[in-house]
Structures are given as structure tokens and as C-alpha cells.
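**Q** What follows is a structure written as C-alpha cells; I'll ask about it next.
The values are calculated or read from the model by the stated rules, or taken from the named source; none is laboratory data. Because the structure is predicted, anything quoted here is derived from the model rather than measured. Note that each Cβ is placed from the backbone with ideal geometry, even for glycine, and that neighbours are counted across all protein chains shown.
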Amino acid sequence: MRSGRSAFRANRLLLAGMLLVCLLAPEVALSQQGAFDLDGKPANPFDAASGKIVVLVFIRRDCPVSSRYAPVIQQISAQHERDASFWLVFPDKAETPQTIHNYLREYAYRLPALRDPEHALVKLAQVQITPEVAVFNRSHQLLYDGRIDNWYRDLGRSRPAPTTHELADAIQAALGDKIPAAHQVRGVGCYISDLE
Amino acid sequence: MNSSLQTLTWSLSLIAATGAMGAGFAKSHGLSTSVFSTSRSATADSPVTFTRDIAPIIFHSCSSCHHPGEAGPFPLLTYSDVKKHARQISDVTQARTMPPWLPEPQKLKFADELRLPNEQIDLIQRWVAQGAVEGDSADLPPQPKFTQDWRLGTPDLILTAQKPLILPPEGTDTYWNFIFRLPIEQTRWMKAIEIHPGDKRYVHHANILVDRSASSRQREAEPGAGFGGMEIRIESQVFDPDSHLLFWKPGTVPYLEPDGMALRLDKGTDLILNTHMQPSGKPEIIQPSIGLYFTPQPATKLPMLLQLEDDVKLDIPPGQRDFQITDQFVLPVDVDLLAIYPHAHYLGKDIQASATLPDGSKKMLIHIPLWNLSWQAVYRYAEPVFLPKGTTVALSYVYDNSADNPLNPNHPPVRVRAGNRSSDEMCHLWLQVLPIHYDAAQGDPRMLLQEALARHNIEKDPSDFEAHYNLAAMLQAASKLDDAMREYEAALRLRPNDAAANNAMGAALLASGQPGKAVAYLSQALTTRPDYFPARYNLGNALAAQDDFAGAAEQFRLALQLQPDDADAEANLGSALAEMGRFSEAKGHFEHALQLNPNHALARENLQALQRATSQ
């Protein structure tokens, strides 16, 4: 088990590195396949990260679990304002900058948002569900992807409060240049693949 | 002059510690869509399409909640809506999380069952596995139509909560009670109610409790503010047991009570809407309203809510996965069982209730193998279930207080006992029963039920204050005053300062001709609750019975400050003043009593006596 996991990790990091190259590729490639900011311009969340770790948070407006996490996401991002670059990523191609603006205002978000209509960031981050997060270290290698915590056990049952905190743990590990204890724990919510 | 004093006493009170009452509401969106088209449905190996195979299931079982303005967080009305959640739908239907329907299939059928047949679940699985294709648009059944308005037409009375609740964006579940003060001047009979609980996406369920004594108002910081709390206690001053389960959950639509089963609403009655909400991630404004539909036909059938509970046995060690509670109650009269409403909190796991008839045959009344407080509901039977006298109703609840129970409010688990907080537990089962085949000359059969239930509860737990109190009230109603006083004394040994019990004991002493002893109890009730009208009124009567008319008049005046429109207190104040020779003042009070109630016999009689006395 242990050795199997080590091999998998190396593979994942390599994959992240390879995709990173893709992201840093010429702008024309990004405009076709990459993410966009709310002005409609191609955007690369790693460009502006300069020395910070990067956290991508994938959410859907029509996913109530995503919405219920808004205060949690903002608390964690506020705690790491200086050393982590947080982005909200909307993988639903039907979303417009305006609908996203409205949503951010409604939920009092103070985080930058990206549209990811072709799921370039979804693939890079290896996420499958909203809400899920991806944590990249300062070298922009993927350290963790999956749930924020274990608040939800399944769509019918949520705990009064979470008892594990995978996102917070992964951020701590990334800041300390360590490998987090968990590298992938699937979330509970809405399938991103349903949007394809 | 010989002016008689009214000896009407406010004595019979019942206390129901009640969590949530509710009414089974029918789901009747009027869809006539058949779930499978007979000739062209998907066979085991043919492709499954949305338009032909899936849309009928969705329209029938999902869209009634999943459309704008309803509880579902996203619409499910079109192919595009459903495709965007296809795998999710496949998961939640397979897990039977959706549609929300907790009971297992059983012989006794419930009205409006929401349970998907296995074949439909399999079809959804195959549709998603095959790529969730749309299919031929010609196969698509018509989209169901829904109204955002009152479903039974314009209500006779619409009330909106005075003050909205601002639901915080985060935190644990919120329980809030809104008080609706009924602006009615005379008794009305309610044949239906529609509850609009506020934003339905965030209100998980809501119950209405009928408060006939305005006892909940004391819990509001200011009138109309509402108050927090999951379980509330309603006092009743007369034997007037709860009779209806007035309940809302997502998907509920209102229904008309059968003929003769309207709910009585009097002037001064409050309806308490007990709501359970979940934070959404942003602040939400929750301002419920209710629509009432009246009928001129008074109730001729009087159902009753039997509350079986066994909270005293609830003492669940931390870590225990299968803590079981059982209880049996033997019905003292023939009844028709109309609806059932089980209630536990977050540790509840497996919930069962059954009935063993005198002939030994057994009926499963309900079995919920995986309890979920968030989807609690009232279940109405499709047909009334006849349970003859001598039937044993048994409940069996299993609780999971281990760390593996994701809903466990304590991490790590701690010892949990019964209580009103959501982190406490409950073991309650409400049965809405309609007594049948009884001899009215033998008395109200609901009193026999109440008495049997109280005796049963005392047997289980001699320290059950409410059981002693309720038993005493039933004995008093049956004119067994000595037995009643013994039970009131038992209740008062448990709670010496309780206002209701002291008042009831005082009233019983007064009725048995012991006004001197009554004064002590009534005074204690007023020490505990100076604004307790019944005790104030009864104390006036007790003092008058000892010829202390000045003291009596003072108490009636204080009582009238609490309830200025009470004709009985006015008439009695007049009587006390007349006894003191203050005829002109007395006359004014008799006249006022008659203004309040033109049929007040005692006020009229005394006024005439007064006129005769002053004309002599």
C-alpha cells in the first residue's frame, strides 16, 4: 500500500508539472482551452501567484453544497491572504460573467473568480465534484485535490460540524514544503462531469 | 340580598410537552402522467432516453419540488436541467436519498408515497450509463404546471409573521418559532391550512402547534419577535387535546380535512409555527405566512393526538451503536388510526412502530430503517387503520451514539439524555386517532385515552410531572376530586412551585368546598407567575367563598388587567362589589359583562337582583 501510494504521487506530480507547461504555453493556446477572468480575458491563476501557493476552489451556482461552503472558503482564504493565492473556479460553461458577479455579491465573496468552460483547470486540478479544491505548492505542483472537509457525508447527511479539515491541512503542508497526509479525498456535491 | 358568585374555575389543564405536531399533507399536483408508456418503454437492452423514459419519472416524482420558488435547489423541468445533474440524480435515487421518503414499503399504505420503484431507479442508472441521451422530442410528455400561489384558492385568512428571522449564513441548524395571533372575534372552524414557511430552499420542515392559552407569548422578547427552540411546551386550560398534525415539509401541498373534522379556532388562540432551517452560505430572510380556510360546519368527529414517549429511558452511553428503547401501550377504546409521526433527533437510527391486535395479529405501522431528522414527516395512512380496544401499540427506537454516526452532534461522543435541545435526544411517537364505536353517555373517549396514557407514563416513570398532572386533570373531569387532588399533590411534590399545578390544586380544593386551603395554592401559583390569569381569577373566587369580598374584588380587578375582555371576571367583580353594598359600581360591571357576552346568565341574573334590591 505504502509503495503503491508513493508511485502514484510521483506520477501525479509529473502530470501536474506537464500540465503546468501547457498552462504557461503561448497565449493563443490559453484562449482556446484555458480559463477566463470575468472580463472575458484568458487568465492563468499561476501567473500572478509569484511565490505563493495556489488554491483553486471549484463551485457551481446551482449546487447548494457549494453555496453552503461560502463562509468556510472565505474564512480559510482570509487566514492565508498573504501566502496563498485563492481562486474561485466556475466550470459550468453556461455561466456568464454577470451571473458570476451577482453570485459573488450575494455570497459576499472577496475572491477573484474564473470561468473554466473547457475544464482546463478541472483537468489540471483533477477535481470531479463541486465543491472541491486543489492545492498547489509554490512550485505549482498539485499536492491535494478533493473535499474541503468532511462536513458532508453524503448528499442527505451533513455533520453538525466537520471533524477533518483536508483543505486547511493541505495548505499547512504546502506552506511548510511538505506532502499533506491526504492527497486526494473525493468531495460530496455535484458532478462536474454532468456539465460536459 | 343574595347575589350568587360564579364558581367557574379554570382547573382542567393539560400540559403537553410537544416537539412538533404536523399535518399530513397530500401531494396532489394533479399530474396524470403515467410513469411508463406501455408500448414503447425501454426494454432491458434498448437505449434509454430522457424524453420517453426519464422525463415521466422526473415530472412525477421530482419536479414538484424542483421548480422555481420551491424547495429544490435547482429546477428539474427540462432535459438540460436534468442532464446537468444526471449522475447526481443517479446517485441519490440509488441511495434513496431522493425523493425523500424514509419508511420502508409495508402492507399498510401511506397517502402520497414518494418512494421510487426499483425499476425506475434501474432505468435512471441505465440512462446515465448510456450517456444520458435526450431522445425523440415527440416522446416528451407535457411539462407539469405549478402555481406559486395558494393551492386551494385564496384563503379566508392570510397571516404573515410580524418579524422575519434573519437566518445566519453559517453555523448549525436553526430552530425558530413564529407566533401568529389570530385576528378572529369568534370561534371559526378550519378545514385546511397552507403553510408558506418562507424561503422553501432553507426551511427543512415546519409544524404548527395550537396554543389556546397564549402561553408561548411569554417566550417572546417583544410581541411578534418569535423565539428560538426546537421543542416547545404548550399549556391548555381545558381538556382540549391536540387533534391535528399541521405539518409542512418540501413537497407538501395542503389538503381539505374530511367532513366533520375541522379544527376549532377561538378568539385569542395563537398558532405557533415551529421551523427547522439550515444555513445557506449567505444571510437569508425567513418570513413565513399561513393561509387558513374556514368552514361553517363545526367538528363532529374529534380525533386526538396520542403522544407515546419514553424519554425517561434515554440515557445513551458514548460510543454505543445500538441503544434500544421499547414501549407498549394498550388502547382503552376502539380507534381509527389516521396518521403517524415519529420523532427523534440526530442519534435516532432505526425507528419502528407496530400494533398487535387482541386476536394476536400484528400490523407494522411504520418502519424507518435509517432515520434522518432533516426529512422527518407526518405520514397519513391511505385508509384509516382500525385498531380495536385492547390493541397493543409498540414502539422500538434504536439510537447510534458512536463516532461513526455522521449526524452525532458531539465529537467525540458524550452521554446523551432526553431533552429539548437538538443535542439531546427524544423518543416520541404521535398517533392521530379517531375514537369510534363509543357510548357518548360514558363520557368523552379521548379522556379515557388520556387517562390510560397518563397512568401508563406514571407506571414507567413515577417522577413524570406531566403524567401526574394530566391524570389529575382527567380524574377531576370525571368528578373524582379526591383522586385528582392526590395526583396534583404528586405533581407538586415534583415541582412545588409550578404555577399550573398549584392553580389546578387550588381549583380542585375550591370545587371540593375547601377555599381556605385553596388560597395557599393559588397564592403560590401567583408567586411563581403574577400574570397568570386563571390563578388570579380562582383566588378571587376562593376569597369570595370565605366572604372576603374586598380581597376578592381586588383579585378580580387584577385579573381584568390581565384579560380586560373576560366577561366572567367582570361578572364576579360585580358580584363581589354587590356583596359589599357598592351597588352602583356593581351595576356597571354587570353591564359591562353583558356587553362582552350578551348571553352571560349570571351577570343578567345578578343585574336583575340588583335592580330589585335597589328599587325596594
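**Q** Looking for whichever is modelled with pLDDT of 90 or more, under 20 Å from B:Ala454 (Cα atoms) and of a type outside the set (S, T, N, Q) here; the options are B:Pro283, B:Pro298, B:Pro332. Which one fits?
**A** The conditions single out B:Pro332.
**Q** Just for segment B:211-231: of the residues that are surrounded by fewer than 22 Cβ atoms within 10 Å (Cβ to Cβ) and of a type in the set (A, V, I, L, M, F, W, C), which one is modelled with the lowest pLDDT?
**A** Filtering first and then ranking leaves B:Ala214.
Rundown of residues vs (1) over 30 Å from B:Leu347 (Cα atoms); (2) in contact (Cβ under 8 Å) with a residue 12 or more places away in the chain; (3) not assigned by TED's automatic domain parsing to the domain that holds B:Leu314, yes/no style:
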site: B:Ser423; (1), (2), (3): no, yes, no
site: B:Cys427; (1), (2), (3): no, yes, no
site: B:Pro435; (1), (2), (3): yes, yes, no
site: B:Tyr438; (1), (2), (3): yes, yes, no
site: B:Gln442; (1), (2), (3): yes, no, no
site: B:Arg446; (1), (2), (3): yes, yes, no
site: B:Ala452; (1), (2), (3): no, yes, no
site: B:His456; (1), (2), (3): no, yes, no
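**Q** Give the residues of segment A:117-136 that are assigned to a loop (DSSP other than H, G, I, E, B) and surrounded by 22 or more Cβ atoms within 10 Å (Cβ to Cβ), sorted by residue number.
**A** A:Val127, A:Pro131
**Q** Additional query: Any residue that is under 24 Å from A:Thr164 (Cβ atoms) and either within 14 Å of chain A (Cβ to nearest Cβ) or outside any helix (DSSP H, G or I) (or both) - is there at least one of those in segment B:379-396?
**A** Within segment B:379-396, none of the residues are under 24 Å from A:Thr164 (Cβ atoms) and either within 14 Å of chain A (Cβ to nearest Cβ) or outside any helix (DSSP H, G or I) (or both).
**Q** For the structure I just gave you, tell me whether B:Leu77 is surrounded by fewer than 21 Cβ atoms within 10 Å (Cβ to Cβ) and either small (Gly, Ala, Ser) or closer than 21 Å to B:Ser374 by Cβ (or both).
**A** no
**Q** With the condition kept exactly as written, say whether any residue in segment B:343-366 is in contact with a Cys (Cβ under 6 Å, 6 or more places away or on another chain) and farther than 28 Å from A:Tyr152 by Cβ.
**A** no
**Q** What single numbered condition from (1) free of Cβ contacts under 8 Å to residues at least 60 places away in the same chain; (2) under 24 Å from the mean Cα position of the chain (by Cα); (3) outside the structural domain of B:Val335 (by TED's automatic domain parsing) fails to hold for B:Ala500?
**A** The single condition B:Ala500 does not satisfy is (1).
**Q** If I filter segment B:335-352 for residues that are touching a Ser or Thr at 6+ places or on another chain (Cβ under 7 Å) and either more than 26 Å from B:His205 (Cβ to Cβ) or outside any loop (DSSP other than H, G, I, E, B) (or both), do I get at least one hit?
**A** yes
**Q** Go through the residues of segment B:180-196 one by one and say whether even a single one is within 20 Å of A:Arg68 (Cα to Cα) and among the small types (Gly, Ala, Ser).
**A** Among the residues of segment B:180-196, not one is within 20 Å of A:Arg68 (Cα to Cα) and among the small types (Gly, Ala, Ser), which makes the answer no.
**Q** Please specify each residue of segment B:319-356 satisfying the condition of being farther than 10 Å from B:Val393 by Cα, among the charged types (D, E, K, R) and touching a residue at least 60 places away in the same chain (Cβ under 8 Å).
**A** Scanning segment B:319-356 gives B:Arg321, B:Asp322, B:Asp334, B:Asp336.
**Q** Return the only residue of B:Pro435, B:Pro413 being of a type outside the set (S, T, N, Q) and within 14 Å of chain A (Cβ to nearest Cβ).
**A** After ruling out the rest, the residue left standing is B:Pro413.
**Q** Still on this model: Please return the ranges of helices (runs of 4 or more DSSP H) entirely within segment B:437-504 where 3 or more residues are closer than 16 Å to B:Leu331 by Cβ and aliphatic (A, V, I, L, M).
**A** B:445-460
**Q** Would you tally the residues in segment B:401-433 being in a loop (DSSP other than H, G, I, E, B), modelled with pLDDT of 95 or more and crowded, with 23+ Cβ neighbours inside 10 Å?
**A** 1
**Q** I'd like to verify a number: residues in segment A:144-196 that are within 14 Å of chain B (Cβ to nearest Cβ), part of a loop (DSSP other than H, G, I, E, B) and on the phi < 0 side of the Ramachandran plot, how many?
**A** 18
**Q** One residue is enough: does segment A:16-32 have a residue meeting the conditions surrounded by fewer than 13 Cβ atoms within 10 Å (Cβ to Cβ), of a type in the set (Val, Ile, Thr) and either closer than 27 Å to A:Ala181 by Cα or modelled with pLDDT of 95 or more (or both)?
**A** Within segment A:16-32 (the criterion being surrounded by fewer than 13 Cβ atoms within 10 Å (Cβ to Cβ), of a type in the set (Val, Ile, Thr) and either closer than 27 Å to A:Ala181 by Cα or modelled with pLDDT of 95 or more (or both)), the answer is yes, since at least one residue qualifies.
**Q** From the list B:Leu308, B:Leu271, B:Leu331, exactly one residue is farther than 30 Å from A:Arg157 by Cβ and assigned by TED's automatic domain parsing to the domain that holds B:Leu373. Which is it?
**A** On inspection, the qualifying residue turns out to be B:Leu331.
**Q** Regarding segment B:108-129, can at least one residue be identified that is surrounded by fewer than 20 Cβ atoms within 10 Å (Cβ to Cβ), within 14 Å of chain A (Cβ to nearest Cβ) and basic (Lys, Arg)?
**A** no
**Q** Mind listing just one residue for me: the one in segment B:130-152 that is at positive phi and either of a type in the set (A, V, I, L, M) or surrounded by fewer than 18 Cβ atoms within 10 Å (Cβ to Cβ) (or both) and, of those, farthest from the chain's Cα centre (by Cα)?
**A** Here the residue is B:Gly131.
**Q** Also, quick follow-up: Filter segment B:76-107 down to residues that are part of a loop (DSSP other than H, G, I, E, B) and touching a Phe, Trp or Tyr at 6+ places or on another chain (Cβ under 7 Å) and give me whichever is nearest to the other protein chains (Cβ to nearest Cβ).
**A** That would be B:His85.
**Q** Still on this structure, please answer the following. Is it the case that some residue within segment B:338-347 is out of contact with any Phe, Trp or Tyr (no Cβ under 8 Å at 6 or more places or on another chain), within 14 Å of another protein chain (Cβ to nearest Cβ) and aromatic (Phe, Trp, Tyr)?
**A** yes
**Q** Another question, if that's okay. Hey, can you tell me all the residues within segment A:81-102 that are in contact with a Leu (Cβ under 9 Å, 6 or more places away or on another chain) and either among the aromatic types (Phe, Trp, Tyr) or crowded, with 19+ Cβ neighbours inside 10 Å (or both)?
**A** Hits for segment A:81-102 are A:Ala84, A:Phe86, A:Trp87, A:Leu88, A:Val89, A:Phe90, A:Pro91, A:Asp92, A:Ile100.
**Q** Suppose we filter A:Pro117, A:Pro131, A:Pro160 for residues that are under 9 Å from the mean Cα position of the chain (by Cα) and more than 15 Å from A:Phe46 (Cα to Cα); which single one remains?
**A** From the options A:Pro117, A:Pro131, A:Pro160, the qualifying one is A:Pro131.
**Q** Considering only residues of segment B:153-170 that are crowded, with 17+ Cβ neighbours inside 10 Å, among the hydrophobic types (A, V, I, L, M, F, W, C) and under 25 Å from B:Lys267 (Cβ atoms), which is farthest from the other protein chains (Cβ to nearest Cβ)?
**A** Across segment B:153-170, the extreme among qualifying residues is B:Leu157.
**Q** From the list B:Asp311, B:Asp359, which residue is of a type in the set (Asp, Glu) and free of Cβ contacts under 8 Å to residues at least 12 places away in the same chain?
**A** None of the other options fit; the residue is B:Asp359.
**Q** What are the pairs, 6+ residues apart or on separate chains, where a residue within segment B:552-563 that is in the same structural domain as B:Phe533 (by TED's automatic domain parsing) has its Cβ under 8 Å from a residue that is of a type in the set (S, T, N, Q)?
**A** That search, which allows pairs on different chains as well, returns B:Ala552/B:Asn541; B:Ala552/B:Asn572; B:Phe556/B:Asn572.
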